[in-house]
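Worksheet for the structure shown next.
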Amino acid sequence: MLPNRKLNMIRAAAIQFQHQPSDKAANLATICRFCQEAADKGCQIVCFPEMCITGYWHVRNLGREEIDSLAEAVPNGPTTQAIAELAKEFNLIVGAGLIEKSDTGHYYNTYVVAQPNGQIDKHRKLHCFISEHMSSGDSYTVIETDLGIKLGVLICYDNNLIENVRLTALKGADILLAPHQTGGCDSRSPGAMSPIDPALWRNRKADPEAIETEFKSVKGREWLMRWLPSRAHDNGLFIVFSNGVGEDDGEVRTGNSMIIDCYGRIIEETWQADEAMVVADMDLELLGRCTGRRWIRGRRPELYSELSRPQGNELNPREARFNDE
């Protein structure tokens, strides 16, 4: 049982669950169940994983027509409206991911954020690689809330590029929602993640230690610890990291959902090999004088213009993710 929070606290939940590929009804039912649980624990924000409504990794093998059958308009599509209803019903800010079809017929890996007051916002993943039929977004997302704080959103790979988190912070984000589908990936880097035997996941009830050892390793938590806390520390914001868990079309997502404070310290986390909800209170009083915010004020922007100039070796997101070189 969590203690009663002070007025300067925001209580958030980071959810990990194993989505059902292309089964939006089943995934929405799971989201509804966790919204009820988050509301019962007094949460104000609940963050679900990337593309958890449509499913994720199987989409890389879908044709354009199959993607079109999964995609919906945002905010007027039925799934976004269902998320909005959950936000009102449970008095929660709810974030969840799906495939958006735009007015121009483009498809996006999109994260919907619905508030109890009826406000609906979205973030289109800036570095979308899952399908050649899907496009990358081109703008940053910082959302005003009735909680008196601003929420930023960056999806999975977006968080790996330090410029994205810095710009989100410069635009005023206090808390960053960081929905992912990661861990256990077949990385092109020999020093990063690597696949997990799906048999360990299937045997998790009989031998939870074996799969959770993998979740804690460089295939999961150890890899995250190399960079994710620094995004919070260096930019002076809290991070709510939500991830898929379990088998996802041949790979095993490692969960490791966590909430990190603005000094890069983990407030709460899990390495449970199962669906789970991580709940933590974020102390807003830490923001004002935290190291990252103080250092940002000492920046020298006149030195950084080269960051925005092409270097001549740029790759598009799909090439960067799947290139063997």
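Quick note: the coordinates plus some simple rules give every number you see, no bench work behind them. Everything numeric in this text was worked out from a predicted model, so none of it was measured. Methodologically, a virtual Cβ is constructed for each residue, glycine included, from the backbone with ideal geometry; neighbour enumeration extends over all protein chains shown.
Quick notes on this one:
- In a simple Cβ point-charge model (Lys, Arg +1; Asp, Glu -1; nothing else charged), region 15-161 has a dipole of about 200 debye relative to its Cα centre.
- Taking 4.7 Å between C-beta atoms as the pairing limit, the chain has these partnerless cysteines: 32, 35, 43, 47, 52, 128, 156, 185.
- Inter-probe distance in nm under a simple model that places probes 7 Å from Cα toward Cβ, at residue 308 and residue 210: 5.4
- Residue by residue, region 49-58 carries 3J(HN,Hα) couplings of x, 4, 6, 6, 7, 8, x, 10, 5, 5 Hz when phi is fed to the Karplus relation 6.51 cos²θ - 1.76 cosθ + 1.60 (θ = phi - 60°); x denotes Gly or Pro.
- Chymotrypsin sites (Phe, Trp or Tyr not before Pro) within region 250-325: DSSP coil, no more than 16 neighbouring Cβ in 10 Å: 263, 304
- For region 9-322, dividing the convex hull volume of the Cα atoms by the residue count gives 131 Å³ per residue.
- Residue 36-residue 163 FRET efficiency (beta carbon distance; Förster radius 45 Å; 0.05 resolution): 0.75
- Residue-averaged 222 nm ellipticity for the chain, from DSSP H runs of 4+ at -39500 (n - 2.57), nearest 500: -7500 deg cm²/dmol
- Across the chain, C-alpha contacts under 8 Å between residues 6 or more apart give a mean separation that, scaled by the residue count, equals a relative contact order of 18 percent.
- Residues of type aspartates and glutamates that residue 171 reaches as a straight line, Cα spacing below 13 Å, ignoring anything fewer than 8 places off in the same chain: 144, 163
- If R0 is 25 Å, the Cβ-Cβ spacing of residue 88 and residue 286 corresponds to a FRET efficiency of close to 0.25.
- In the elastic network of the chain, a GNM with C-alpha springs shorter than 10 Å, the most mobile of 204, 300, 166 is 300.
- Antiparallel beta bridges, as assigned by DSSP with both residues in the chain, represent about 65 percent of the total such bridges.
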